[in-house]
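For reference, the structure is listed below as structure tokens.
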Amino acid sequence: MRSSSPKTAHLFAALGDETRLRLVSRLCGAGPMSIARLTEGTKITRQAIAKHLRVMERSGLVHGRRQGRETLWQLEQRRLEEASHYLDIVSKQWDAALLRLRKFVED
Amino acid sequence: MSTDRIVKTVLLHAPISRVWRALSDSTEFGSWFGMKFNAPFAPGAIMRGVIVPTTVDAEVAKSQKPYEGIPFDIVIDRMEPEKLLSFRWHPGAIDPNIDYAAEPTTLVVFELQETAEGVLLTLTESGFDQIPLARRARAFQSNEGGWTAQMRLISQYLHNAQ
């Protein structure tokens with residue numbers, strides 16, 4: 001299927017997870033943070049957080065910057081602005097609806 | 001990118017008569033889209049539908065579940081067998097406390113074209129520029145799949161970043 005913004009679909013997938021939403025929330029509220037700090041006060045392992053950050057990095061939602069011995073993670077504001085665009089949401093819904101239609105007629 | 005319209009194309013590996021039935025038969029349309037209609041589609045007909053979780057995708061059905069039973073009106077515009085189906089609706093109009101009747105609608109057009117590989121379906125939804133901004137924001141928030149939480153986070157972030 002051709003989509004007006006395939007990257008957006010990818011971005012939504014990156015956001016579609018509770019842990020990742022929580023990471024977005026923490027990075028929203030407190031700015032760039034290391035994995036150690038992102039792990040503080042959670043029951044999630046550093047490895048799991050690192051894995052989620054990599055998923056988010058691939059969709060351009062966050063990026064890591066080396067500072068000394070650790071990496072500081074921060075949100076990409078531009079990508080979030082794209083995500084908050086109304087048409088993108090409607091567009092994504094149509095992508096999903098047309099996939100359902102395809103499944104329906106091809107089965 | 002236009003702010004007024006969305007255009008999508010998808011190639012369907014099915015006979016054109018099958019695709020047309022999935023679009024023009026209100027029961028079939030409802031089963032993939034996730035709605036239930038009380039009557040067959042006919043040009044000019046005002047269709048009262050309710051949101052019913054889709055039978056095609058369990059994951060999507062789950063996200064539609066909280067909206068089950070919410071009424072949703074669409075007005076059929078044109079029906080040209082195996083060529084075109086169009087209707088008007090209020091996008092994202094699922095808040096039962098709001099009367100959408102007086103608000104502008106968008107036009108949804110499905111166009112079918114038979115090709116050697118299958119049926120090329122083009123979907124166009126246009127008229128978004130006429131939808132009040134406040135409504136767009138609401139449609140945005142009321143979206144299926146937990147978008148409210150996601151959008152709250154995003155708007156909070158954008159606010160903080162300014």
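All of the numbers you see were taken from the coordinates with simple rules; none came from a lab. What you are looking at is a predicted structure, and each value in this text was computed from that prediction instead of being measured. Heads up, the Cβs are rebuilt from the backbone with ideal geometry, glycines too, and the neighbour counts pull from every protein chain shown.
In terms of the Cα gyration tensor, with a ≥ b ≥ c the square roots of its eigenvalues, is the stretch B:1-40 rounded because a/c is under 1.5, prolate because a/b exceeds b/c, or oblate? Write down the numbers at each step before the final one.
Working: a/c = 2.89, a/b = 1.37, b/c = 2.11.
In terms of gyration-tensor shape, oblate.
Does the stretch B:35-126 come out rounded, prolate or oblate, given a ≥ b ≥ c as the square roots of the eigenvalues of its C-alpha gyration tensor, rounded meaning a/c under 1.5 and, failing that, prolate meaning a/b above b/c?
Values: a/c = 2.04, a/b = 1.32, b/c = 1.55.
Oblate, since a/c reaches 1.5 and b/c is not below a/b.
Decide, for the stretch B:50-93, between rounded, prolate and oblate: order the square roots of the alpha carbon gyration tensor eigenvalues as a ≥ b ≥ c, take rounded if a/c falls under 1.5, and otherwise choose prolate if a/b is larger than b/c, else oblate. Write out the running numbers ahead of the final one.
Details: a/c = 3.40, a/b = 1.68, b/c = 2.02.
Cα axes put the stretch B:50-93 in the oblate bin.
Of A:Lys92/B:Lys62; A:Lys43/A:Lys92; A:Lys103/B:Lys65; A:Lys51/B:Lys36, which ones are farther than 29 Å apart at the Cα?
Numbers: A:Lys92/B:Lys62 17 Å; A:Lys43/A:Lys92 33 Å; A:Lys103/B:Lys65 20 Å; A:Lys51/B:Lys36 41 Å.
Beyond 29 Å between Cα atoms: A:Lys43/A:Lys92; A:Lys51/B:Lys36.
So if we plug the beta-carbon distance of B:Ile46 and A:Glu57 into 1/(1 + (r/R0)^6) with R0 = 45 Å, what FRET efficiency do we get, rounded to 0.05?
FRET efficiency, B:Ile46 to A:Glu57: 0.40.
Would you mind ranking A:Met56, B:Met79 so that the residue whose beta carbon has the fewest other beta carbons within 10 Å leads the list?
Details: A:Met56 25, B:Met79 18.
So the ranking, lowest neighbour count to highest, is B:Met79, A:Met56.
Starting from the 7 Å offset along Cα-to-Cβ, what nm value, one decimal, do you get for the label separation of B:Arg78 and A:Ala36?
6.6
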